[in-house]
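Data first, discussion second: the structure below is written as structure tokens.
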């Protein structure tokens, strides 16, 4: 997570003007996956873990699918909300979080 940081902080102005956001995300995911493969299988920095196919689909794939649906639906909700309402929600989120943790 630290190594892609220079890429994103080197050209912050260019990243916002990038016309293909999915390709930028794919480049980032490819870099992180390649780095993880190298650290685990080539350089042996971390021991590989064994995981059954059933456990992988039950835990990793299901969490990834639900997280992607959460992102999709939350981002699509921004189409229908005004900017002032979104700013109000951001300001109220800290109070809501504090209330949730004190329950």
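A short reminder: the numbers here are calculations on the coordinates, not readings from a lab. All values derive from a computational prediction rather than experimental measurement. As a convention, Cβ positions derive from the backbone with ideal geometry for all residues, glycine included, and neighbour counts pool all protein chains shown.
Summary table
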item: Residue 76 versus residue 27: modelled label distance in nm, points set 7 Å from Cα along the beta carbon direction; result: 2.8 nm
item: Cα gyration tensor, region 51-103 - rounded (a/c under 1.5), prolate or oblate; result: oblate
